[in-house]
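Data block below; observations after.
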Amino acid sequence: MAMGTLLSRLTGFVRTAALVTVLGTTRLGDAFNTANTVPNMLLVLVTGGTLSSVLIPMLARETNDDRRRERAEAIGALVMLGTGLASVLMFVGSPIIARFFALGLRGGPDYDAYVWVTTQWLALFAPQILFYGISVYAVAVLNAHGRLALAGFAPVLTNVVAVGAVVAYVLTDGPSGFGDAAEPSLQALGALPLVVLGVGTTLSIAAMAVPQLLGARRMLPGLRLRPRIRRGEPANRELWRLGRWTLGYVAANQVGLAVIIALANDVEGGVVAYQVAFAIMQLPFGIIAVSLFSAIYPRLSRDAVREDDSFAASVSGGFRLTALLLIPAAVGLFVLAEPVTKILVNYGAAAGQGAAFIAAVVRIFALALLPFTVFQLFTRSHYALTDTKTPMLASITLNTLNILFAGLASLLITDPVMRIQGLVVSYTLSYLTGCVLLGAGLVRRRPGAFAGGLRAVATSLFAALVMAGALVAARTILPERGGVLLDIIVTAGLVGGGAVVYVVVMFLARSRELREVMTRA
């Protein structure tokens, strides 16, 4: 699974780079990214983000094969019904959805073209909700049976098919700036490349869902999925009982995301820059934090039922380890935002100003990496205490603040790049607030949850700032421009050298967390 996840992330970035290379930081790129985000938003709203957390333990506890299959069929039927209806609603409501996201463009020269193109892509992307729902459901069934490889490797198919769709788009004379093709713009987009990219993107999700569903059916022979509600089914009641607070949590997140995308659409290329920069910020999160949480969460769940200080110690240890690993990653990303972004997306229609725009947003998103990660840690800590209400209230609060701050940034900032940076600052401040709220809740319930936390943050921050100084000095003497291969070698050398400086400073500072990691290693 780890290999599959790593490969899926790598191919996922190839897909992202391909799209940015072809569509650039343009209104056309904004239209595609906006439309392609909506299926995920509606999927989360329909499933409440609880499907895996409820279905996996439900099936794992059931020892009777027939009863396990019946429970899986009951939940699967509900998923099929909900995601199928959501797909239909998205298809029918695509003109309204497109107009909502284009509010900032109203009265401008691109408004009509943006609404038309976004509407078409929304309609073509609508079936993705059903395919995503099948995928999430099938992965939950596979995980409940200990079959993890397919869950990790299947997304690679999505990325491969999506890249193929981008290639087909270019071959059908889609506006991309390649060869004799027109520069990417809404007005230059023809019907054939629009349909090719739209259908190909949706098929890429089906390419992931189908093999996962076949794998789930092998685990549960005779499994049948029919879109219906089974009245009185205990599995459905348990899904609602465990998921109702989490539904509020994810609903707040999706409302906040929708407003931010609408505000980002005020700036040409704003949605592309915001989402690509967020994806780059997610690289260290996916590599470091996801693995860290996978190791910490089972321990938190075990310690939560004990009456001693073990849970507080586990939270404290997780927080200190997060600071040890994520603070240097955030500082390094801030300093190296330009070369990293150049390597990833400085091609085709995004070369030059487009990549510089994205890099400027990446630099601010680096500041959000630690608050975002700590918020996820604190959320999981509350879940380990079977408390889903507090994270929901914190999510509502932080998303309300995010919307308010982002609205102010959009009103007060006139520079296009700085306006998108302002949206990211709003995101960062809101997650800092969420960390304070959830952290206070943990301290009330388990005093000592942050023992040694301030010292760990201060030590890691000091070492990371020394590392930043070394990186800035190194960049002044290393070659500024070269081929892609030279850029990769230089940036990799900077990352490796920065890591060495950080570890040495932490060692000299007698970091307790570093000693613990080295002892375990």
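By how many nm would the segment from residue 415 to residue 389 lengthen if fully extended, with 0.36 nm per residue of separation less the alpha-carbon distance? Present the calculation step by step, with values, prior to reporting the outcome.
Working: separation 26, 0.36 × 26 = 9.36 nm, distance 3.94 nm.
Taking residue 415 through residue 389 to full extension adds about 5.4 nm, to one decimal.
Alpha carbon centre of segment 119-145 versus segment 396-465: separation in Å?
32
Send over the per residue convex hull volume for segment 421-521, Cα only, as a whole number of Å³. Working shown, then result.
Working: hull volume 15.4 nm³, N = 101.
Per-residue hull volume (Cα only) is 153 Å³.
For the chain, what is the calculated [θ] at 222 nm in deg cm²/dmol (nearest 500), taking -39500 (n - 2.57) for each run of four or more DSSP H residues and dividing by its residue count?
Details: 20 runs with 415 residues, N = 521.
One gets -27500 deg cm²/dmol as the mean residue ellipticity at 222 nm.
Take the Cα atoms of segment 66-218, build their convex hull, and give its volume per residue in Å³. If you can, show how the numbers build up before the last one.
Values: hull volume 17.6 nm³, N = 153.
Looking at segment 66-218, the number lands at 115 Å³ per residue.
Residues with amide H under 5 Å of residue 26's amide H, sequence separation 5 or more or different chain, H placed in the peptide plane at 1.01 Å from N; which?
269
Explain nothing, just the number: relative contact order of the chain, from Cα pairs under 8 Å at least 6 residues apart, as a whole percent. Before the final figure, lay out each step's value.
Values: 762 pairs, mean separation 99.8, N = 521.
The normalised contact order for the chain reaches 19 percent.
Kirkwood Rh and Cα-based Rg: tell me the resulting Rg over Rh for the chain, rounded to two decimals. Don't skip to the answer; put the middle values down first.
Working: Rg = 23.4 Å, Rh = 24.3 Å.
Reported Rg/Rh, Kirkwood definition of Rh: 0.96.
Neighbour counts of other C-beta atoms within 10 Å: give me 308, 266 arranged from fewest to most. Don't jump to the answer; show the numbers that get you there.
Working: 308 8, 266 18.
Starting with the residue having the fewest Cβ neighbours, the order is 308, 266.
Mind checking the full-extension length gain between residue 519 and residue 400? Use 0.36 nm per residue of separation minus the Cα-Cα distance, one decimal, nm. Before the final figure, lay out the partial values.
Details: separation 119, 0.36 × 119 = 42.84 nm, distance 4.30 nm.
Extending this stretch completely gives an extra 38.5 nm.
Would you mind getting me the FRET efficiency between residue 307 and residue 508? Use the beta-carbon distance for r and R0 = 56 Å, nearest 0.05. All intermediate terms of the calculation are to be shown ahead of the outcome.
Numbers: r = 40 Å, r/R0 = 0.71.
The computed FRET efficiency comes out at 0.90.
Convert each backbone phi in segment 21-37 into a coupling constant with the Karplus relation 6.51 cos²θ - 1.76 cosθ + 1.60 (shift: θ = phi - 60°), then list the ³J(HN,Hα) values in order as whole Hz, x for Gly and Pro.
Whole-Hz 3J(HN,Hα) from phi for segment 21-37: 4, 7, 8, x, 8, 10, 4, 5, x, 4, 4, 5, 5, 4, 5, 6, 7.
Every number here is computed from the coordinates shown, using simple stated rules; none is lab data. Every value quoted in this text rests on a predicted model; they were computed, and no experiment measured them. Note: ideal-geometry Cβ built from the backbone for every residue, glycine included; neighbour counts use all protein chains shown.
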